[in-house]
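The block underneath contains the structure these notes are about, expressed in structure tokens.
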Amino acid sequence: MPATESLAELLARVALRDRRAFEGLYRATSAHLFSVSLRILRNEGRADEVLQESYVSIWHHAAGYHAAAGTPMTWMINIVRNKSIDLLRARRTEVASTTEIGDEALNVAADSAGEPQRLLDDSLIKAKIAECMGTLSSQQRQALALAYYRGMVHTDIANLLNAPLGTVKGWVRRGLDQLKSCLEAAGVSGV
Amino acid sequence: MNYLLPVRLDRLAREYALGTLAGPARRRFERVVRSSPAASMAVDVWRQRLSVLDLAAAPVQPPESTWHGIERRLFSGPNQSASTATPIGGALQALRGLFSGRGLAGALVGALLCAVLLRTQPDLIGMEPRFDALPASYVGVLLDPVGKAALVASSRRQGRQLTVKLLQPLNVPAGHVAQMWALPKDGAAPFPVGVIPAQGTSRLALPDTSEKLFFNVSRLAVSFEKAPSNAGDAPAGAYALIGNCVKVW
């Protein structure tokens, strides 16, 4: 990931309508943000559309970035995640109202659920909290990964994993609780 | 429902940040986040926690057409490369586009539509509408001796505070303070604005509104002084940072 300090500087210049800085910010971050959108939407055209909208939003809202919102990358990832999630759900409503078997979440093949979990595991290793998060069951971790990386809601996860809704809500809640306590135990500041 | 009860707020904030809060509940909570600093902060904390899950994500290069699409949307001309653009050039280009015949008609219709929509559906524009337009402000970027942007200073036109954000820590010599100066464009003597910290963001109280205080000031600078300067003092040495300021109104 690009250095936080240089991204903060680029964002500050973008807030002053510096187009050269904006292109620099795009070159430094677009591949990462594209992967975020692709993971949620799993369609290159739609992910591209969301990426463009996100950078338009970043250009307009750069002055609203403040360090308390996290690193510039966290701030930008959330713009992309929000727009991707909105599009995913808007499309699902649209498809559901026009076809009988509309729920796109059901199109997720069981094997593709493996990828979010691998990404979760690798990220936890990098964050040095893999051991601490290892106390979660594999289902709890899988539920957390599907929600974060795929933008799935509890009912999607319950359908995919063939589990009761209440159980899935418990898995996600437990995953988040554990993430919080693992980060606190690891002494990650500001968290 | 009181969204701001701590336990409820934390539950909503984490579900919102994760993405599992859906449908009308998601929209309602977005409105709460926009109006409540406590809710906004609770979401930020969860986003930062969840951001560790992005550490291992492998980047995927988008097609080059994506960048051209963004340029087209923002600057209405895919052939203008950013290498020749300046911030002011970009703004002029945007204004020219706005006031061309079709652009003007489109902008008027768009503005009316936006006004109506925003009155009825404030969440339609996605996020943080309060930041959509820069309020009338006084803004400066100060560079270090090698030309690197080191400090952003900003103040509202009628504000009596100057927000100073260091983009890189300032190496203040022991026994000295970092003193900010305002440099009038008519060549009159610089006057002291206040002492700034070596890093982070701070707010300097101004004796008057920035409109009155900085009306004739085209540059800001920082020097290292042995003590905070008073009105009538002059900088003791060379400027450690200096840069241009603009009035955005």
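The values are calculated or read from the model by the stated rules, or taken from the named source; none is laboratory data. Being a predicted model, the structure only gives us computed values, none of them experimental. Here Cβ is always computed from backbone atoms with ideal geometry, including for glycine, and neighbour counts include all displayed protein chains.
Quick look at the numbers
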{"read-out": "Failed item, numbered, when A:Ala63 is tested on (1) free of Cβ contacts under 8 Å to residues at least 24 places away in the same chain; (2) at the interface with chain B (Cβ under 7 Å from one of its Cβ atoms)", "value": "(1)"}
{"read-out": "Counted residues, the range A:68-88 - those being more than 11 Å from the chain's Cα centre (by Cα) and within 7 Å of another protein chain (Cβ to nearest Cβ)", "value": "3"}
{"read-out": "Scope the range B:188-207; condition in a loop (DSSP other than H, G, I, E, B) and under 18 Å from B:Gly140 (Cα atoms); matching residues", "value": "B:Pro190, B:Pro197, B:Ala198, B:Gln199, B:Gly200, B:Leu206"}
{"read-out": "All positions within the range A:114-145 that are aliphatic (A, V, I, L, M) and part of a helix (DSSP H, G or I)", "value": "A:Leu119, A:Leu120, A:Leu124, A:Ile125, A:Ala130, A:Met133, A:Ala143, A:Leu144, A:Ala145"}
{"read-out": "The listed residue being modelled with pLDDT of 95 or more, among the aliphatic types (A, V, I, L, M) and within 23 Å of B:Leu53 (Cβ to Cβ), out of A:Leu33, A:Leu7, A:Leu41, A:Leu11", "value": "A:Leu33"}
